[in-house]
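Asks: Before anything else, here's the structure in question.
Just so it is clear, none of the values below were taken in a lab; they were calculated from the coordinates. What you are looking at is a predicted structure, and each value in this text was computed from that prediction instead of being measured. So basically every Cβ, Gly included, is an ideal-geometry build from the backbone, and we count neighbours across all protein chains shown.
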Amino acid sequence: MPFLRLLWEEIAKYLASIWSLLTAEAPTIGWAFATLIAGYVVGKLAGSLVRAFLVKGLGFDRWLEEKGLSNAAYGVSISALLAGFVKWYIYLLFVSTAVSMLDIPFITPFMQSLMEYLPFIIGAVLTLLIGLVIGEWLKKGVAQMRIPFKAEVGTAVKALTVYVFLLAALHTVGINVSVLIYVLLILIAAVVLTAALIVGISIGLALKDEIRPFVKEYVKELSKATKQESD
C-alpha cells in the first residue's frame with residue numbers, strides 16, 4: 001500500500017535523523033550524564049559532612065536542646081535542614097552545568113536564571129530559620145513568666161516573631177510585602193489588646209480580696225441612694 005510505505009519512509013527518516021543527532025552529540029550527552037552522577041555523589045557527601053560537622057563537631061543540636069530550643073522548627077532538625085540546603089544547592093549547580101552542556105532551549109536559560117536567584121532564596125531561608133530560633137527563645141521566656149495563659153501567649157509571640165522574619169525573607173527574594181505589613185500591624189494591635197486584657201485580669205485576680213470591701217461598700221451606698229430616690 002503506497003500510503004503505508006510512504007508513512008514508514010517518513011518514520012524511518014525521522015528516526016534516522018534522531019539517531020544521527022544522538023551519535024553526533026553522544027560525547028556531550030555522556031559528559032552531561034557523568035556531570036549529573038558526579039553532582040549526586042558530591043551533593044550527598046557534602047550534605048552528610050555538613051550534618052556531621054553541625055551535630056558532632058559543633059554540637060549544634062545538643063546546644064539547641066540544652067537551651068530548650070530544639071522545637072524551634074516545629075520538630076524538624078535545623079541541622080538536617082541546613083545540610084539539606086547544601087546538598088540541594090550542589091545538586092542544582094551540577095544540573096545547571098549539565099543542562100548548559102546540552103544547550104537545551106528554554107531549559108538552559110531557566111536554569112541559569114535559577115542559579116542566579118538561588119543565593120537570594122538561601123538567604124531568605126536562613127532568615128526564616130533565625131526567626132524560628134528567636135521565636136522559640138521568646139516563647140520559652142514567656143513560659144517562665146508567672147502570668148495566666150502563658151502557653152497561649154508564648155505561642156502567639158513566637159508566631160508573631162516568625163511572621164516578622166517571614167516578611168524579611170520574602171523581601172529578600174524580591175516579593176512585595178506591603179499588604180502583609182498591614183496584616184502585621186493588625187496582628188500587633190490584637191496582641192497588645194490581648195496582653196492588656198490578660199494584665200487586667202491578672203491584676204483583678206491578685207487584688208480581688210483587697211477590692212472586695214470597697215465593692216461591697218460601693219454597692220451598699222448605691223442601693224441606699226436608689227432607695228432614697230424611690231421614696
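Asks: In nm, what is the difference between 0.36 nm times the number of residues separating Ile175 and Met115 and their Cα-Cα distance?
Replies: 19.8 nm
Asks: From the alpha carbon gyration tensor of the stretch 115-204, can you work out the equivalent ellipsoid semi-axes (sqrt of 5 times each eigenvalue) and give them in Å, largest to smallest?
Replies: 31, 16, 5
Asks: Count charges around Ala73 for me, please; just the other residues with Cβ under 12 Å from its Cβ, Lys/Arg as +1, Asp/Glu as -1.
Replies: Here the charged neighbours net out to -1.
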